[in-house]
Every structure is written in C-alpha cells, then in structure tokens.
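The values are calculated or read from the model by the stated rules, or taken from the named source; none is laboratory data. As the structure is a computational prediction, the values presented were derived from the model and not from experiment. For neighbour counting, all protein chains shown are included, and Cβ atoms are generated from backbone atoms with ideal geometry for every residue, glycine included. Ligands, DNA and RNA are stripped out before the accessible areas are found, and what is left, the full protein with its side chains, is counted by its heavy atoms. Shrake-Rupley method; radii C 1.70, N 1.55, O 1.52, S 1.80 Å.
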Amino acid sequence: MNLFRYLTLTAISVTTLFASDDVLQKFHGTYRGLRTISFSFSGGGAPAGRMVAKRGGLYRVVLGDRTVVSNGTTVWNATASTKTVIVSDYRPTSTDVSIERVFFDVMSVYRSSVVSSKNGTTVIRLEAPDTQAQIAGISRVDLTCNSNLVVSHVSITSQGAVSNFAISKILTNAKVTESTFTYNVSKGWQVVDIR
C-alpha cells in the first residue's frame, strides 16, 4: 500500500471517528437529560398508541380503547369496551419492558455507538455494559434517527427477543400538566382495586 493511500484511509477513519463522536454528543445532549417525552408509536405486537411520560414513573399510554395512567404511586388500567378500571400500585422495580424505560433509564445507563450513518439516517446502538447492568432484561436498543437525531424507529432486544416500534410526533421536555397523570373513573364503570 502506498503512503498516499494509507494516509488517505487514516484521515477518513479519523474523520469518521470524530463525526461519530459529534453525533453521539448531540444525541446524548438531546436525550440523556430528558424530563418529559411524548410520542406516537406502533409495533411491538400492540395496537398503535400514544405515550406521554415524565421521569419518576409518571405516564399516560393510550392504545385503542385502553388507557393506562400512572402518577408514580398508583396505576389505572382502563378498558372502555368493558367499562372496567383495574387500580394497582406502581412498582418501580418492575421487570416489564416499556418504551418509557428506553427513553429514561436505558439512554442514561447504556453505552452508545453509531452503527451506521447514511442518506441522512443514523442508527445509534445502546448496549448494557454487562448483564448485571441490564434494565428489564434489555441487552440492546437500536434507535434509528433522522439528520436532526429525532428518533423514528426503536428496536429493543430483551432476553433474546426483538421488538420493533415505529415512533412519530416525538416531543422532548415539553411542559406537561400533572392532571395528565391522573385518571378519573367514569360513572357506572367497574373498579377492580388490587392494591
């Protein structure tokens, strides 16, 4: 290999490395310190829905005729078709995989790398540093982002199974009223309290 070609390949490698570092810095600047997030999603074997979440276990998820709301202490799981609301305690140590966990917990703890970047699309991979650090059994998350690093697709690998979600209408750190995270049971609905 001649010296010119070697130096050219080295310069390209170094440029790519710095570009990846810049992308990761911008990505973490946007997502690592999230306080609130809202977005629409589809996939993962569930009906299309919308989520609003605030750090601390506060969330509202609407999936078809089902609404799940948590104020960080209590969870209301309401199904309109049966006019039933199941009330339970919020369990922050739950092992359930949720998109909320991806955006708040995983993005803060897992190591990141740029998997690919082409045609204005970047795939950022978040990986648990080791199995002891896994959150809800999630070993890896791949986030597909546009040129502004707005996430459009999430691929979650948990205990060997992969779940894919399309993400749209994402808003980060928008002001959210506390009433978003409470649920008022409609008159005539059955309440099943399992707290």
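The table below lists the values:
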{"item": "Spin-label pair Thr82/Ala46, simplified geometry with 7 Å Cα→Cβ offset, distance in nm", "result": "1.7 nm"}
{"item": "Distance from the range 46-86 to the range 121-174 (C-alpha centre basis), Å", "result": "21 Å"}
{"item": "Rounded D (µm²/s) - the range 60-195, Kirkwood Rh over Cα pairs, Stokes-Einstein at 20 °C, 1.002 mPa s", "result": "126 µm²/s"}
{"item": "The range 63-195 - percent of accessible surface contributed by carbon and sulfur, probe 1.4 Å", "result": "47 percent"}
{"item": "Bins of 5 Å, starting at 0 and running to the largest distance - Cα pair percent for the range 123-193", "result": "3, 13, 15, 14, 12, 14, 14, 8, 5, 1"}
